[in-house]
Amino acid sequence: MKTTREKLTINREVPVIVITGFLGSGKTTLVNYILSHRNGRKVAVFVNEFGEISIDGQLLINVEDDMVQLNNGCICCTLNDRLADTIVEVLQRNTSIDYLLIETTGIADPLPIIMTFAGTELRKLTRLDAIFTLVDADTFSPDLLANSEAALNQIAWGDLILLNKIDLVSPEKYDRIQKQIRQLKPDARIMTSEYGEVPLASIWGIEYSHPDFGEQPDHDHHSEHLANDGFVAVSFSSDRPLSVEKFQTFLSDRLPTNVFRAKGLIWYQGNNSSHLFQLSGKRYQLTPNYPRGEPPNQLVFIGRDLNRETLTQDLQQCLHEIPNHEPRPIMDR
């Protein structure tokens, strides 16, 4: 596809911050924290979601017109070329942007993203400032790194490893996690946080060094981690409310054990306000009265080798029954 890159003139390199980390580690929370402390900086935000429904994009605070959502694919695989083209378009539209902020999906491999900035025309337009890798301290285990190529590479390529949700773990577990990470990356710079809150000095203008891939890097490299890890995203949307009892039964009795992450905006029968639903590992929470528009329900489940048909049918069974009303899910795929 022909791009408009040759038409873009810019006399500076726009710094880029990449936020990565495994499913449920708190990336969107960190992005919101950064945006809340931008102090007048003009920040363009790119949000990558693996499923067909954009949830994270709805959870971000106001970023005006400079937010781009890259849905239904992994930014380091099928959407990699689109990322480069879209960045050029954004920089062409707004030459006053101070920072690019990229939130990857939780199953992204950072290396192809690094190579995109090092090996395309973006090399002359941008500067990869830092890669922040979030780790959920509560759910982290060595098995995660052993069983997921994406999780392993996220730590290996991270400039800063942020142990998030540190308030949920004991000092003993914190020490174990540090040792496990340093076994993989001995020189890792590790920080801790609660709710993604980090010192402001660790955000802006870090200018970490990255490998020099030379003048002609293999920027067409695509990670095979999706095939290796077996990740699947199942999206579900319906204009009918959920039954509280049925949905709770689903979560306790029917939720597949191979679901790593789930998120969505839902509403229950008898309550017209929206609820933010977040599941990470075996822990989930509902935030009531979440400020957003009217229904429908929107849910995304991400896991390994999920059965789409069975999961979708189980979610349909959670819908509130309306007499003489045939179930009409908006999305079932």
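Pick from segment 140-154 the residues that are surrounded by 23 or more Cβ atoms within 10 Å (Cβ to Cβ) and aliphatic (A, V, I, L, M): which of them is nearest to Y33 (Cα to Cα)?
Once the filter is applied, the top-ranked residue is A151.
Would you call G158 under 15 Å from I17 (Cα atoms) and open to solvent by less than 20 Å² (accessible area, probe 1.4 Å)?
Details: under 15 Å from I17 (Cα atoms): yes; open to solvent by less than 20 Å² (accessible area, probe 1.4 Å): yes.
Yes; evaluated as a whole, the condition is true for this residue.
Inside segment 102-117, can you point out the residues that are under 18 Å from the mean Cα position of the chain (by Cα), open to solvent by less than 30 Å² (accessible area, probe 1.4 Å) and not β-branched (V, I, T)? So that I can check it myself, show each step before the final result.
Step one: of segment 102-117, the residues under 18 Å from the mean Cα position of the chain (by Cα) are 102-114.
With open to solvent by less than 30 Å² (accessible area, probe 1.4 Å) added as a condition, the list becomes 102-110, 112-114.
Of everything in segment 102-117, those that are under 18 Å from the mean Cα position of the chain (by Cα), open to solvent by less than 30 Å² (accessible area, probe 1.4 Å) and not β-branched (V, I, T) turn out to be E103, G106, A108, D109, P110, P112.
Given the condition at positive phi and either in contact with a Lys or Arg (Cβ under 9 Å, 6 or more places away or on another chain) or at pLDDT 70 or above (or both), answer yes or no: does some residue in segment 214-230 qualify? Steps first, please.
Step one: filter segment 214-230 for residues at positive phi, giving 214, 230.
Checking which are either in contact with a Lys or Arg (Cβ under 9 Å, 6 or more places away or on another chain) or at pLDDT 70 or above (or both) leaves us with 230.
Checked against the condition, which is being at positive phi and either in contact with a Lys or Arg (Cβ under 9 Å, 6 or more places away or on another chain) or at pLDDT 70 or above (or both), segment 214-230 yields at least one hit.
State all residues of segment 294-320 that are modelled with pLDDT under 80 and open to solvent by 50 Å² or more (accessible area, probe 1.4 Å); if no residue qualifies, say none.
Residues of segment 294-320 modelled with pLDDT under 80: 294-296.
If the condition is that a residue be modelled with pLDDT under 80 and open to solvent by 50 Å² or more (accessible area, probe 1.4 Å), then E294 is the only one that fits.
Report, by residue number, each residue of segment 120-138 that is charged (D, E, K, R), more than 24 Å from M191 (Cβ to Cβ), touching a residue at least 12 places away in the same chain (Cβ under 8 Å) and in contact with a helix residue (DSSP H, G or I) (Cβ under 8 Å, 6 or more places away or on another chain).
Of segment 120-138, the ones charged (D, E, K, R) are 121, 123-124, 127, 129, 136, 138.
With more than 24 Å from M191 (Cβ to Cβ) added as a condition, the list becomes 121, 123-124.
Going one step further and asking which of them are touching a residue at least 12 places away in the same chain (Cβ under 8 Å), we end up with 121, 124.
Answer for segment 120-138, where residues must be charged (D, E, K, R), more than 24 Å from M191 (Cβ to Cβ), touching a residue at least 12 places away in the same chain (Cβ under 8 Å) and in contact with a helix residue (DSSP H, G or I) (Cβ under 8 Å, 6 or more places away or on another chain): just E121.
Residue by residue, here is whether (1) in contact with a Lys or Arg (Cβ under 7 Å, 6 or more places away or on another chain); (2) small (G, A, S) holds:
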{"site": "I131", "(1), (2)": "no, no"}
{"site": "A137", "(1), (2)": "yes, yes"}
{"site": "A150", "(1), (2)": "no, yes"}
{"site": "T192", "(1), (2)": "no, no"}
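If you go through segment 249-272, how many residues are part of a strand (DSSP E or B) and either exposed (fewer than 15 other Cβ atoms within 10 Å of the Cβ) or within 25 Å of the chain's Cα centre (by Cα) (or both)? Give the derivation first.
We begin by selecting, within segment 249-272, every residue part of a strand (DSSP E or B); these are 259-268, 271-272.
Checking the rest, the ones that are also either exposed (fewer than 15 other Cβ atoms within 10 Å of the Cβ) or within 25 Å of the chain's Cα centre (by Cα) (or both) come to 259-267, 271-272.
Residues flagged as part of a strand (DSSP E or B) and either exposed (fewer than 15 other Cβ atoms within 10 Å of the Cβ) or within 25 Å of the chain's Cα centre (by Cα) (or both) within segment 249-272 amount to 11.
Looking at (1) in a helix (DSSP H, G or I); (2) at pLDDT below 90, find the lone condition where Q178 falls short.
The one condition Q178 does not meet is (2).
Considering segment 118-139 alone, what residues qualify as being over 15 Å from G26 (Cβ atoms), outside any strand (DSSP E or B) and open to solvent by less than 10 Å² (accessible area, probe 1.4 Å)?
L122
The values are calculated or read from the model by the stated rules, or taken from the named source; none is laboratory data. None of these values were measured; they are calculated from a predicted model. Heads up, the Cβs are rebuilt from the backbone with ideal geometry, glycines too, and the neighbour counts pull from every protein chain shown. For accessibility, only protein heavy atoms count, side chains too; no ligands or nucleic acids. Shrake-Rupley method; radii C 1.70, N 1.55, O 1.52, S 1.80 Å.
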